[in-house]
């Protein structure tokens, strides 16, 4: 069983509330929060840990030993995926999650680099993306062509509406990154060494799966997506995530 917890971390940008929660953190998380300079980055670091603690409380977990979990955050939201080894068979559990805020489109007449700035911030810090938007206003398409496979780009561009194309971009990104996090390789894993497709393509794209896997990863991986307002959420694990095998809960701070 995999449990997924989502929460808003906006409250943690308040200095008084942040300091109160910060004092109760373990030293390793304090050090992580202190490594950030921006207020929202600190808030995300502290907020996602608090969400983790609230998730464990909801599951009546007191000890982290043997617990498998993964964190993600984007914008004003944090995401935590937790699995109890006692509820999983003996195979070594691999678990990853990713969350991205689907940033709103900018009307064509006012589309400028402000849209691109959002997407530049979205790119992982260890990925060098030098191209600024000049000739192609659709920055998400340029990013997809660089990071996705040709088939993934083709699927992403299937919808005729730009808004739906952009939503597909974020879906692909969270699906790909959740797998990369499950392998614990992160961005060290070649993002084009694996390919995602959908079992159901009629009218809408459902049931994502790994059509092509990196040669060093032979386990069968499964996906589960959640759509909450303007968020793209993907969970990836080497255990079945369908139905009751993966439960979702929103936690209010």
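Residues that are in contact (Cβ under 8 Å) with a residue 24 or more places away in the chain and part of a helix (DSSP H, G or I) were ranked within the stretch 14-32; the one that is nearest to residue 100 (Cα to Cα) is 18.
Take the conditions out of contact with any strand residue (DSSP E or B) (no Cβ under 9 Å at 6 or more places or on another chain) and either assigned to a loop (DSSP other than H, G, I, E, B) or farther than 26 Å from residue 104 by Cα (or both) and apply them to residue 41. Does it pass? No, not satisfied.
Filtering the stretch 97-119 for residues that are assigned to a helix (DSSP H, G or I) and either within 17 Å of the chain's Cα centre (by Cα) or modelled with pLDDT of 95 or more (or both) leaves a non-empty set. When you scan the stretch 50-69, do you find a residue that is assigned to a strand (DSSP E or B) and in contact (Cβ under 8 Å) with a residue 24 or more places away in the chain, even just one? The answer is yes, given that some residue of the stretch 50-69 is assigned to a strand (DSSP E or B) and in contact (Cβ under 8 Å) with a residue 24 or more places away in the chain. Among the candidates 8, 35, 45, 72, the residue that is closer than 27 Å to residue 102 by Cα, surrounded by fewer than 16 Cβ atoms within 10 Å (Cβ to Cβ) and modelled with pLDDT of 95 or more is uniquely 35. Which one of these does residue 176 not meet: (1) over 19 Å from residue 100 (Cα atoms); (2) touching a residue at least 12 places away in the same chain (Cβ under 8 Å); (3) surrounded by 13 or more Cβ atoms within 10 Å (Cβ to Cβ)? Every listed condition holds for residue 176 apart from (1). Taking the criterion of being surrounded by fewer than 16 Cβ atoms within 10 Å (Cβ to Cβ) and in a loop (DSSP other than H, G, I, E, B), the residues of the stretch 220-253 that qualify are 220, 229, 230, 240, 242, 252, 253.
The values are calculated or read from the model by the stated rules, or taken from the named source; none is laboratory data. This is a predicted model, so every value here is computed, not measured. Note that we place each Cβ from the backbone using ideal geometry, even for glycine, and neighbour counts take in every protein chain shown.
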